[in-house]
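Here, each number is a calculation from the coordinates, and none is a lab measurement. Note that the coordinates shown come from a computational prediction; the quantities given were computed from them, not determined experimentally. For neighbour counting, all protein chains shown are included, and Cβ atoms are generated from backbone atoms with ideal geometry for every residue, glycine included.
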Amino acid sequence: MKTINIIIDDKPITVPEGTNIFQAALDNGIYIPGLCYHPRLSQFGGCRLCMVEVTERRTGHRFACAHPVSEGMMVKVNTPKVVRYRRSVMEYLLAHHELSCPTCDKSGECGLQDITHELSLAPSRFHAVRMNAPIVRDNPVLELNRNRCVLCGRCVSACKEIEGVGAIDFQKRGIQTYIGTAFDKPLECSFCGSCLSVCPTGSWQDRTFAFRGRAWELKKTQTICPYCAVGCTIILNTKSAPARLEEGMETVRRVTSDDRLGINEGNLCIKGRFGYGFIHAEERIKTPLLRKNGELCPVTWDEALGHVSERFQQIISEHGGRAIAGIGSEKGTNEDNYLFQKFCRSVLGTNTIDNLANMRSPSLNSLIYQSVTYGFTATSLREIEVANTLFFFGADVTEAHPVIGNMARKAVRMNGANLIVANVRRVTFRSAAKNDIRLQYSFGSQVEFIHALIKTILDEKLVDLKRVEQSADNLNELLSGLDNFSGENASQLTGIPPEAMRKAAAVLTKPGHCCIICGKDIEEDPLAEDIIKALMNLCALINAAYNTDTGYGKVSLLFSRSHNNTQGVNDMGVVPGFLPGYIDINDVSHKEKIERVWGTSLSSDIFQKESASIFDCALQGKLRGIYIMGANPVIHYPNGKEVLDALRKIDFLVVQDTFLTETARLANIVLPVVTFAEKEGTFTNMGMTVQRLNRAIQPVGDAKPDWQIICELARRMGSAYSYTSPKDILNEIESIVPIYSGINYDRLKRKEFYWVSSVLGRNKPIKYTFTRIRSKSLDVKRNTGFPLALLTGVSLNHQGAFSQHSKVLRSVAPACHVEINKKDAKEMNIQSGDTVVVESPQKKITLQAKVTDKVPDGVVFVSEDYEWIPVNLLRNGEYTFVKISRETG
Amino acid sequence: MILPLLKGLILTLKRFFNPYAVVTMRYPEERPKLASRFRGLPELQIGKDGRERCIACGLCARVCPSQCIYVEGATDEATQRRYPKIYELDAFRCIFCGFCEEACPVRAVMLRDTFELSTDHSKAIFDKAQLMDYSRKRNITI
């Protein structure tokens, strides 16, 4: 890129061409006052404060934010004339300003306040009337005080460009201009809080903060968000109160973000920014609970741990270690999960361990690891931002990973990226992409859809088959598999017209970087394995055609993960099939190394994989005890009834959790653990980036971090671990887990660790072999009694127990809806807001109906993230069919 | 040599018998007359609406050199206004410097003439109600 040399205030500076003076100064530590310019937003030029004097080349007074640099330019920031101008602009801005700094929450971090101080402004010469517009409080999250607004337009751009919503804009004109929604309706948006984070004054206010601290009183701790798998960096703002007060020592008062930190570049979603209420929720378990006479009673740690170790030892001596199973946590840190599987495998002597993500999509781990070895997997989420083509396959990013949506919009804005969204439902994703292709395939036809794409690419000769043959094996297998698969055939099966398919194929094979995001709908489909294999064929096909000798493809695949550490729990080997780092459990050569590091000898039956799932084993009576760490299978396992039966059948259930979840209520003993704000460790996000947590507050109540509990249990059961902090555990992980080798706990403080890059740096990607996928007969058998297919998915506003106990999220999204197509609704005479009964052969639940055209006819959609709605009781693990009727009486 | 001594003694005796030059007083039967700018306990003033004038801006806590003030703001549900949910003053730490009064943007903290503050450790912390009581007894609203 061409660079340009300029001089600002006698300081020589080199910046890329096209930079404006403001950004150039900002990057080089020179301060120019300004309110409307924001590096992440398009230039607006509304506040008129950033006036500078250019003395060489294009001389004159210029607005720094609107003027690009040119070679040899000389800029003076503070000449007397400029300062005089700036002061008068500020005087105008402050003429109507409310000047309510003592009660304004922005005070102390307010742009307007800072510039007033900087220019040492005296009381205004104008005797203007202070504005007295009513404060808009039409939602539980954000508050708009127009009296403080300087009309810089940052919130308008942020809402439009970053979040793609455009819920707010300038209303009216001239002196009457104000920020607001169209027709002054209540704010209807995703409540991401971007407007709040970019506002230079106190116009937008966080209602969850609500005067509970001052900017200068808050201690800021950078950590990682505990909700979805994007792994945004959030900043916990804590304030300490005297210990004598009820408020306790130190509490989290709000969550902010920093544009310069983390992969999210300051973007957050509603959960990350406003869903911190659970940390200090009253429902948190504060002491260990032991079941005595059928009731869970508070006990001391000593008694609780003594009881657990005693019962475990009793089970081991009577039935062997294999009679105990363990379920790891998708929310826990890598260290907690590593220690959990180590404890289960070495101390309890069982390999019946698993996590809920692996139970929901059992083939996914090996497929992801395969795609890493082929070099398809994205090395980090940043690849979305640099992509030229984005393909969301079965992924509803707006709901599941909102910040990925922001990254995608950035790609569209900066690189003019093309967009393909393929889903069963008509998912919402707002963008300004030039090529914006929406494909809605019919329920259960994902394999055919991918095959149709491959077929179209081959038919249209969009890739050079000779090059494909060179870079991947077995092309004939792929070709012959698609022989009797024609375009008409495909469009009949998938419901997508051939022209749309051709357009999508053309966009996919365009030169440039392509990023495919494979969604939860695909991963948790009963046919997931076939679909993902077909998708990998597609990747290899596009990849090979553009492959250069470097071995790096132009396609990168990203697999959606649901929770903050779903990737990590699988990396750490809390699965029956793999030791930490995806080493096959039957790989005996690795056993020696593990035994040496762990200092124990593992019994040989550890290395036998149990074919049935944990709950099957329990139902068959093979299990006596289950140890659950931070998971709620009663709600999150796709077959709720099976879990309930299984957990009732076993003798001893230990649950380690922050809240008394439905699973914990069944437990014999509940151990309280801390939340992310109270512990250290690392999380691995869905881009395989390992990031470090920092402790912001003291543990609430008697709660302890998971790893300490496991260490204590291990000590009581006769094999003491010598860890004193998560750092020691990560050091052991570094030495034993190949994919994490090179990770360093201290370095993580400054820079995240990308394990895909480190694996690819050590081993070259292996040559891809095409596989032939025979489409299985579709399992979509619609029963006459139950005509509608049930689709479950994620929700923007909720995820698990954390959001359930966050009051703000509950007030934004109080009720779970069942989304019904307009046509179906008309037939059943159901209107939006009606209370309906959703009934499957297993169970029926009552929900509110929402009539929409998002879902196709014959399909209903229910979010499974509302913890208090047991949707999984309807399901039986396969495609589920339901019937819907209006509630009577 | 003896003369200066006598001079001194005369002055002493003069003072000794002069009823108008008494420095000590019979406290507590006799009350001291305090200067108008005397700085006693920082009291929370009461507004016209009968509530605390304080808006919990936290400037007093910030400016306090001995860090004896703790303010916790909150939203008043009825009026949506900012008010101090907790306002505490550690009387053992307070040095009566009057910075809080000076910093207060709404004249909610005033150091008036309350100086009889002897208390034990358990009562050293004055909460909002106590600090307002002093003002309430004075029956002044601002």
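Taking the Cα centre of the range A:377-552 as origin, sum charge times position over the Cβ atoms of Lys and Arg (+1) and Asp and Glu (-1), and report the length of that vector in debye to the nearest 20. Don't skip to the answer; put the middle values down first.
Numbers: 18 positive and 22 negative charges, 192 e Å.
That gives a dipole near 920 debye.
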> Angle, helix B:128-138 long axis vs. longest principal axis of chain B, Cα atoms, 0 to 90°, nearest 10?
Replying inline: 60 degrees
> Along the charge dipole of the protein assembly as shown, which of A:T880, A:S560, A:S613 sits closest to the positive end, that is, farthest toward it, with unit charges on the beta carbon of Lys, Arg, Asp and Glu (+1, +1, -1, -1)?
Replying inline: A:S560
>> Given the C-alpha atoms of the range A:788-886, compute the convex hull and give its volume per residue in Å³.
In response: 88 Å³
> Considering amide H positions built from the backbone, and no H for Pro or chain starts, which residues 5 or more places from A:M51, or on another chain, come under 5 Å of its amide H?
Replying inline: A:A64
> Once Rh for the range A:377-552 is found with the Kirkwood sum over Cα pairs, what is the Stokes-Einstein diffusion coefficient at 10 °C and 1.306 mPa s, in µm²/s?
Replying inline: 97 µm²/s
>> With +1 assigned to the C-beta of every Lys and Arg and -1 to the C-beta of every Asp and Glu, and no other charges, what is the dipole magnitude of chain B about the Cα centre in debye, to the nearest 20?
In response: 660 debye
> With θ set to phi - 60° and the Karplus curve 6.51 cos²θ - 1.76 cosθ + 1.60, what are the ³J(HN,Hα) couplings of the range A:792-800 in order, to the nearest whole Hz, using x for Gly and Pro?
Replying inline: 10, x, 8, 10, 5, 8, 9, 6, x
>> Can you give the Rg/Rh ratio of the range A:215-280, where Rg is from the C-alpha atoms and Rh is the Kirkwood radius?
In response: 1.01
> Given 20 °C and 1.002 mPa s, how large is the Stokes-Einstein diffusion coefficient of chain A in µm²/s, with Rh as the Kirkwood radius over Cα pairs?
Replying inline: 73 µm²/s
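When the dipole is taken about the Cα centre of the protein assembly as shown, and only Lys, Arg (+1) and Asp, Glu (-1) are charged at their Cβ, what size is it in debye, to the nearest 20? Walk me through the numbers before you get to the answer.
On the way: 129 positive and 114 negative charges, 722 e Å.
Roughly 3460 debye for the protein assembly as shown.
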> Can you sort B:Y87, A:Y227 so the residue with the fewest Cβ neighbours within 10 Å comes first?
Replying inline: B:Y87, A:Y227
> Expressed as a whole percent, how much of the Cα-Cα distance distribution for the range A:209-337 exceeds 27 Å?
Replying inline: 43 percent
> Remind me, relative contact order of chain A in percent, using alpha carbon pairs under 8 angstrom and six or more residues apart?
Replying inline: 13 percent
>> Please list log₁₀ I(q)/I(0) at q = 0.13, 0.16 Å⁻¹ for the range B:1-96, using the Debye equation with identical point scatterers on the alpha-carbon positions.
In response: -0.69, -0.84
> Please state the Cα pair-distance histogram of the range A:789-833 with 5 angstrom bins from zero: what percent is in each bin?
Replying inline: 5, 17, 23, 17, 15, 12, 8, 2
> With each run of n ≥ 4 DSSP H residues scored as -39500 (n - 2.57), what mean residue ellipticity at 222 nm is computed for chain B after dividing by its residue count and rounding to the nearest 500 deg cm²/dmol?
Replying inline: -7500 deg cm²/dmol
> Hey, how many Å between the Cα centroid of the range B:87-142 and the Cα centroid of the range A:413-430?
Replying inline: 61 Å
> Which whole-number percentage describes the relative contact order of the range A:215-280, with Cα contacts under 8 Å and a sequence gap of 6 or more?
Replying inline: 27 percent
>> Can you report the principal axis dimensions of the range A:1-78 using only the alpha carbons, biggest first, rounded to whole angstrom?
In response: 27, 27, 21
>> Give the average over all directions of the projected area of the C-alpha convex hull of the range B:34-138, one decimal, in nm².
In response: 6.7 nm²
> Which whole-Hz couplings ³J(HN,Hα) result when phi for each residue of the range B:49-63 is put into the Karplus expression 6.51 cos²θ - 1.76 cosθ + 1.60, θ = phi - 60°, listed in order with x for Gly and Pro?
Replying inline: 7, x, 9, 5, 6, 4, 10, 6, 6, x, 5, 5, 5, 6, 7
>> Using only the alpha-carbon atoms, how far is helix A:402-415 inclined from the longest principal axis of chain A? Give it as 0 to 90 degrees, nearest 10.
In response: 50 degrees
> What is the helix-to-structure angle for A:301-319, meaning the angle in degrees between its Cα long axis and the longest Cα principal axis of chain A, kept from 0 to 90 and rounded to the nearest 10?
Replying inline: 40 degrees
> Where Lys and Arg each count +1 and Asp and Glu each count -1, what net charge lies around A:G487 among other residues with Cβ under 15 Å from its Cβ?
Replying inline: -2
> Using the Karplus equation 6.51 cos²θ - 1.76 cosθ + 1.60 (θ = phi - 60°), what ³J(HN,Hα) coupling, rounded to whole Hz, does each residue of the range A:68-79 give in order, writing x for Gly and Pro?
Replying inline: x, 6, 9, 4, x, 5, 10, 10, 10, 8, 10, 7
